[in-house]
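Down below is the structure, laid out as structure tokens.
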There are 2 protein chains.
Amino acid sequence: MLLEERVCELTGTKCLRSLEKVHHPVSKPLSKTRLELIEAAGRLSQLVGRPRTIGQIFGLLYLSPRALTLDEIAELLEISKASASTGTRQLLALHAIRQVWKPGDRKDFLEAEPELREVLRGVYQLFFAPKLTKTRGRIDLLLETLDGDRKAGTIDDEEYRFCRDRLLQMSHLQGKVEKVLPIAEKFL
Amino acid sequence: MLLEERVCELTGTKCLRSLEKVHHPVSKPLSKTRLELIEAAGRLSQLVGRPRTIGQIFGLLYLSPRALTLDEIAELLEISKASASTGTRQLLALHAIRQVWKPGDRKDFLEAEPELREVLRGVYQLFFAPKLTKTRGRIDLLLETLDGDRKAGTIDDEEYRFCRDRLLQMSHLQGKVEKVLPIAEKFL
DNA sequence: GTATTCGTTCAATCCGAACTGAACGTTCCG
DNA sequence: CGGAACGTTCAGTTCGGATTGAACGAATAC
């Protein structure tokens, strides 16, 4: 096997790293279905601007009949344990997955929240909703900034009225979105 | 000024490129309000996984009392004309901005769609809706793949039933989302 | 005709987020 | 006590998408 000696620049310690595409010995090969869902979930995840790993981990767990450990996740997805750790913690924060403990085993076992509605709810409540309320504050701030701009003489009256009108429109839509989304969620 | 000679690797032609941070001579400095909205729109854009430039261009145009040309957009946002071009074309595809032509001027003038609801509608219809229907197809395909997995003996009956159940749940939620979103849009 | 002035396209570069290996803190076991 | 087995953290690297300069085609101007 082709190997490369690497020196950790921080500590000076050495390690060997394989240059070949290592084929991790998978405990039990994943079915085609699971592999495809993992890929699809990964794409979906990065479609909405999240790291691909997050989606992959959830996809893996969602089709997993039993809870998996961090090491199993890392092995099955062929990612580092570090990635698996950060990914699972993010998913835990979103309430998309849960930790379960098995008696007599120190490992954390992870399983997907089975109710997809809850997952969506978590993503909305903990990810989108905060951004929405922040946006509201920012628009209000912009209206003040605009008044400042006029007083400072940076803009003329026509531009002032124009911008004010548009900012108010933004504020209006923002308010409606904030009202409609929770209602829509009820109908899922 | 610090200059660097660069040779285009494709054609062998040479050019000088400034290494200093060039401070473009802005035709008319933007007001603080517009600058802040541009920044916020840029962040919002990359929050949902789109390039920052897209949001910035829309933000600029939305608070612009008059339509702007490609060159003005590039100059005001301090981005290349190439970026401005690709960005505006994406926004045009989403119906978020429009082209207007002024008699006796060869340039394209660009202005934001004033009705934000229309912008949202465009983003949904032309960006999200296609992904949603594709997802439906993909879930159906996964159900077939799952049958294949069982026949191939890759999975046992228990795993088959488990995965089938979860895939059906996905299908169910997907259907509901596809129904609810257009209705929610009506209420904006 | 040739020379500009547009917008677009494309290979190459750049940049930042995602990922990684190694170190670390903790807990459990002998 | 070690030391092994965990999960987490962090500096450093990788990598893919955003961005760019240059080339290009089309339309106009001279």
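The values are calculated or read from the model by the stated rules, or taken from the named source; none is laboratory data. Predicted, not measured: the structure shown is a model, and the values here were computed from it. For neighbour counting, all protein chains shown are included, and Cβ atoms are generated from backbone atoms with ideal geometry for every residue, glycine included. These accessible areas exclude ligands, DNA and RNA; they are computed on the full protein's heavy atoms, side chains included. Shrake-Rupley method; radii C 1.70, N 1.55, O 1.52, S 1.80 Å.
Between A:Ser171, A:Ser45, A:Ser85, the GNM of chain A built on Cα springs shorter than 10 angstrom shows A:Ser171 fluctuating the most. In chain B, the beta-carbon sitting nearest the axis that superposes B on A belongs to the residue given here with its distance in angstrom, B:Gly49, 2.
Choose one answer from A:Leu110, A:Leu70, A:Leu30: the residue with the largest mean-square fluctuation in a GNM of chain A with alpha-carbon springs under 10 Å. Most flexible of the set in this elastic network: A:Leu30.
When B:Gly49 is represented by a point 7 angstrom out along its Cα-to-C-beta vector, the spacings to that point in the other copies are 1.1 nm, nearest first. Sequence-distant contacts, meaning Cα pairs under 8 Å at least 6 residues apart, place the relative contact order of chain A at 12 percent.
Excluding ligands, DNA and RNA, the accessible surface per residue across segment B:59-188 is 56 Å² with a 1.4 Å probe.
Note on A:Asp156 and A:Leu47: with the Förster distance fixed at 51 Å, the Cβ-Cβ geometry gives a FRET efficiency of about 0.75. Here's the list of aspartates and glutamates a cross-link from B:Lys179 could span, going by alpha-carbon distance under 13 Å and ignoring same-chain residues fewer than 8 apart: A:Glu185. Ignoring lysines fewer than eight residues from A:Lys28 along the same chain, the ones with Cα atoms less than 26 angstrom from its Cα are A:Lys81, A:Lys102, A:Lys107, B:Lys151. Label points for A:Asp147 are taken 7 Å from Cα along Cα→Cβ. From this copy to the others they lie 6.6 nm apart, shortest first. Among the DSSP helices (H) of chain B, those spanning at least 30 angstrom by Cα along their long axis with an average Kyte-Doolittle hydropathy of -1.0 or more are B:129-152, B:157-186; this is a geometric and hydropathy rule only.
With contacts taken as Cα pairs under 8 Å at a separation of at least 6 residues, segment A:22-113 carries a relative contact order of 26 percent.
Segment A:Ile183..A:Gln125, full-extension length gain: 19.6 nm, with 0.36 nm per residue of separation and the alpha-carbon distance subtracted. Between B:Gln56, B:Gln90, B:Gln174, the residue with the greatest mean-square fluctuation in the GNM of chain B (Cα pairs under 10 Å linked by springs) is B:Gln174.
Placing +1 on each Lys and Arg Cβ and -1 on each Asp and Glu Cβ, with no other charges, gives the protein assembly as shown a dipole about its Cα centre of roughly 480 debye.
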